[in-house]
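A short worksheet on the structure shown next.
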Amino acid sequence: MSDASADLRVTDLTKQFAGAAGTLDVLTGVDLTMRRGDAVVITGPSGSGKSTLLYIIGVLDEPTSGEINVDGLLPLSLSAAEQARFRNESVGFVFQDHHLLPQCTVLENVLIPTLANAKPSSGIEDRARTLLDRVGLKDRISHRPGQLSGGERQRVGICRALINEPLLLLADEPTGNLDQHTAESIGTLLLDVASEQNTMLLCVTHSHELAARFSRRYELTDGKLVEQET
């Protein structure tokens, strides 16, 4: 799907890995467009390249060929330092493993991405507190990750991903380590908060229950995205 007005345009993205048995084609021509407020989910079997695609879009990996355009910017063409700034300012990541720093409080963990800003907003701590209140963690601000449940830690991860008001929110198996009830609540929270923040939410998952919640669904098949009926 081509859309010149889209906020995210992924065009003919390919990724190859060299191995002892020859070249492995993981992505063979991925095209995707999104606008602010869109929620897109990608499913597919293990090893199909879902996470690889997500990391390339988030500029944590490089494609073999293809182009990514985010709000008119071509992040793949930037220097390493410029890519780091782009990731910090424009992309929020939610991983299956929350990657919280155990020695920091909940509030400090949420504020970590703001430390790279040369001139952090004077109201950034208030924003962090507002986000934590939104996800039901107002009373856990001074707790450390070891004092939280798995679902609570994932909610902190979501707040951390949103603290810099990113244009793009990338979620890699965000409910993979959670029980069914907690997974349902985290799925609802991701969709609701992304909509409220008017950000683009791109999620990869094995969970058919989570995928069914999204308005746009794709399956990664033979290295390409195939749109699924909703």
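The values are calculated or read from the model by the stated rules, or taken from the named source; none is laboratory data. Quantities reported herein were computed from a predicted structural model and do not represent experimental measurements. As a convention, Cβ positions derive from the backbone with ideal geometry for all residues, glycine included, and neighbour counts pool all protein chains shown.
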Original post:
In the list Gly29, Gly92, which residue meets the criterion of being of a type outside the set (S, T, N, Q), closer than 24 Å to Thr130 by Cβ and assigned to a strand (DSSP E or B)?
Top reply: Gly92
Original post:
Which of (1) under 23 Å from Asn69 (Cα atoms); (2) assigned to a loop (DSSP other than H, G, I, E, B) does Leu225 not meet, given it meets every other one?
Top reply: (2)
Original post:
How about segment 173-197: which of its residues are surrounded by fewer than 18 Cβ atoms within 10 Å (Cβ to Cβ), farther than 12 Å from Gly150 by Cα and of a type in the set (D, E, K, R)?
Top reply: Glu184, Asp192, Glu196
Original post:
Ala21 passes all but one of (1) at pLDDT below 95; (2) under 24 Å from Ala161 (Cβ atoms); (3) over 16 Å from the mean Cα position of the chain (by Cα); which number fails?
Top reply: (2)
Subject >> In segment 114-137, residue nearest to Ile186 (Cα to Cα) [restricted to those that are surrounded by fewer than 12 Cβ atoms within 10 Å (Cβ to Cβ) and among the charged types (D, E, K, R)] >> reply: Asp126
**OP:** Would you point out the residue of segment 136-180, among those that are of a type in the set (A, V, I, L, M) and in a strand (DSSP E or B), that is farthest from the chain's Cα centre (by Cα)?
**Re:** Leu168
